[in-house]
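> To start, I am sharing the structure in question, which I have written as C-alpha cells.
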Amino acid sequence: MAISASEAHYIIESCITDLRIDGRSKLEHRPYTITNRSTHTKTSQSANAPAFILSNGSSRIHLPGSTTDVVCSVKADLVHPSPSKPNQGILELNVDLSLCGGGGTLEASAGGGGAQKRRRQQREEESQITSLLQRLILPHAVNHESLVVWPGKYVWRLSIDVMVLRCDGCVLDASSIAIREALQNTKLPKVQAVMEKGNDDANNGGSASKNDLLVDGDHHKAVSPCGAEDCPLVITVSVLSSPPSATDAVTSTTGSKRYKSIAIIDARTEEEACASTRVCVTVDTNGMVCGVHTLGGGGAGMEEEGEQGGAGGSSMPISMLGEVVTTASMAAKNLYTKLDRDRQVVKDVSSTDNDCGYGYLLKNHFLIQ
C-alpha cells in the first residue's frame with residue numbers, strides 16, 4: 001500500500017502515544033464478527049443462515065465497516081494414512097485470495113503492473129500464507145493420533161480451505177481465528193472398524209475375513225476432533241519506529257540515531273505499511289509459544305534512514321524483542337479469554353433455545369452483523 005511520509009509520521013506518532021488512528025490502544029483487537037454453524041444467538045438477524053452444505057465445519061470472520069472477511073471450511077474424508085505416519089491423521093490447508101484482489105495481505109505490493117503480474121503476485125501470496133499457516137498452526141491444530149480410525153488402514157483427512165474475501169491487515173491472525181473456530185465446530189461421524197468372517201467361494205472351500213467400516217448416521221453422536229479446543233492462534237506484532245527529530249535526536253558515540261519504537265497488534269493496512277518489521281507469534285491456550293516468523297515491513301518514509309542501521313527497512317531494535325514477546329502473550333491471553341467466555345455463554349443460550357442457525361455475539365468487544 002502506497003503511503004506518504006507525512007501520513008506515515010502521523011500514524012507512527014499516534015501509535016506511540018497509544019491512541020491509534022481508529023481509537024484503539026496498542027493491545028486492542030478490532031471488533032470482529034465470528035460466525036459459525038453450530039452456535040447461535042437470538043439477537044442475530046442472520047441466525048438462520050445455512051451452513052456450508054459440503055462442510056463438516058465452517059466459520060466466518062468479518063469486520064463490520066471495514067474490508068476484512070475471511071471464510072473457512074473443513075471437509076473430512078476417510079483415506080489411507082501416509083506410509084511415513086501410519087498412526088496419524090492428515091491435515092491439509094489451502095488459502096484462496098482470488099476474490100480478495102491482493103489488498104491488505106502479507107506484503108505491500110508495488111502499484112501498477114498488468115493482469116499477469118497481479119495474478120503472479122497473488123499466487124505467490126497464496127503460497128506464502130499457506131506455507132506459514134501450515135508451519136505455525138497445523139502441527140498443533142488437533143491431536144493427529146485421534147484422527148486414526150483403523151491403525152495403518154484408515155484415518156481422517158481434514159481439508160481446511162480458507163478463502164480471504166477481503167482483508168484490512170493481519171491476514172494470518174484472522175485466518176487463524178477462522179481455522180480454530182471451524183475446527184471446533186467440525187463434526188466427525190462415529191466410525192467403527194468391523195471385521196467379519198464370511199464363506200469364500202465353493203471352489204476354495206474355506207473362509208475369508210471381510211474388513212469394513214461402519215458409519216453411524218446419527219448426527220448427535222458425531223464429535224469434534226480431539227484437541228481442536230487447544231488450536232493455537234497467530235498474533236502478529238507490528239513494530240513501528242519513528243526517527244528522532246532534529247531537536248530531540250539522541251546520538252551515541254558511534255553517531256547512530258536512536259529510534260522511538262512501539263509494538264502493536266492487529267494492525268490495519270496503513271499501520272502495516274508503516275511497520276519496520278512484523279513478528280508472527282503462535283501462542284496456544286497455555287501461553288506457550290508454538291512458532292515464530294518474521295515478516296518484512298513497509299517502513300514508509302524511512303528508506304533513507306534504514307541504511308544507517310537504525311530501525312528502517314525490515315529490522316527492529318534488539319531492545320524490542322522482550323516487548324514483542326510480552327505483547328503477543330498478553331494479546332493471546334485476552335483473545336482466548338474472550339473467545340472461551342462467550343462460547344460458554346452461547347452454549348448456555350443454545351441449551352434453552354431450539355431454533356436452528358448459527359452465529360454468536362462476543363459481548364463488549366465483538367459484534368454480530
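> Check GLY169: other-chain or 5+ apart residues with amide H under 5 Å from its amide H, H built from backbone geometry?
Counting only residues 5 or more places away or on other chains, the set is THR269.
> FRET efficiency for GLN116 and VAL194, Cβ-Cβ distance as r, R0 = 45 Å, nearest 0.05?
Values: r = 54 Å, r/R0 = 1.19.
My answer for the efficiency is 0.25.
> Okay, next question. Which order do the peptides 78-84, 188-194 come out in when sorted by mean C-beta neighbours inside 10 angstrom, highest first?
Working: 78-84: 12.7, 188-194: 14.3.
Order by mean packing, descending: 188-194, 78-84.
> How do 276-285, 86-95, 145-154, 177-186 rank on mean C-beta neighbours within 10 Å, highest first? Mind showing how you got there, number by number?
Working: 276-285: 22.8, 86-95: 17.9, 145-154: 16.4, 177-186: 25.4.
Highest mean packing first, the order is 177-186, 276-285, 86-95, 145-154.
Computed from the coordinates by the stated procedures, all read-outs in this text should not be read as laboratory data. In this text, all values refer to a predicted model and were calculated from it rather than measured experimentally. Please note: Cβ atoms are built from the backbone with ideal geometry, for glycine as well, and neighbour counts cover all protein chains shown.
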